[in-house]
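One structure is given below, encoded as structure tokens.
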Amino acid sequence: MEKSINQLCNEAYQIAKSKGWHDKPRETGTILALIHSEVSEALEADRKKDQENFEEELADILIRIFDLCGSRNIDLEDAVLTKMERNKGRSYRHGNKAY
Ligand SMILES: [Mg+2]
């Protein structure tokens with residue numbers, strides 16, 4: 001069974017909530033720092049050429065984002081689709097940026 005992005009957000013939030021991660025209000029900056037920590041873990045896994053761990057860390061990034069959106073009632077599905085449509089209209093390499 002396929003799940004929508006917003007279903008995954010709600011599920012990630014419910015799991016985190018059941019594990020006590022939402023017993024107290026969480027600052028957005030803390031959550032973003034934790035998302036960033038997962039990005040760093042993915043970087044380290046890639047540096048070690050550990051593909052399995054790399055994929056796991058990519059999943060951790062999304063799970064933390066899903067949890068954030070689930071806990072704040074953010075319609076991530078709509079935000080992603082809206083931004084992807086906007087990206088289609090952007091210029092080549094977004095104005096010839098180096099990277
Ligand atoms: Mg991790």
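Worth a mention:
- Subset of the stretch 24-51 (residues that are touching a helix residue (DSSP H, G or I) at 6+ places or on another chain (Cβ under 6 Å), more than 12 Å from the ligand (Cβ to nearest atom) and over 25 Å from residue 4 (Cα atoms)): 46
- Failed criterion for residue 77 (all others in (1) of a type in the set (Asp, Glu); (2) surrounded by fewer than 17 Cβ atoms within 10 Å (Cβ to Cβ); (3) within 16 Å of the ligand (Cβ to nearest atom) hold): (3)
- Inter-residue pairs, beta-carbon under 7 Å, first closer than 21 Å to residue 11 by Cα and in the stretch 33-62, second at pLDDT 95 or above and more than 11 Å from the ligand (Cβ to nearest atom), 6+ apart: 35/65
- Test: residue in the stretch 52-63 that is of a type in the set (A, V, I, L, M), more than 14 Å from the ligand (Cβ to nearest atom), surrounded by 17 or more Cβ atoms within 10 Å (Cβ to Cβ) and under 11 Å from the mean Cα position of the chain (by Cα): no
The values are calculated or read from the model by the stated rules, or taken from the named source; none is laboratory data. Computed from a predicted structure; not experimentally measured. Positions of Cβ are backbone-derived with ideal geometry, glycine not excepted, and every protein chain shown enters the neighbour counts.
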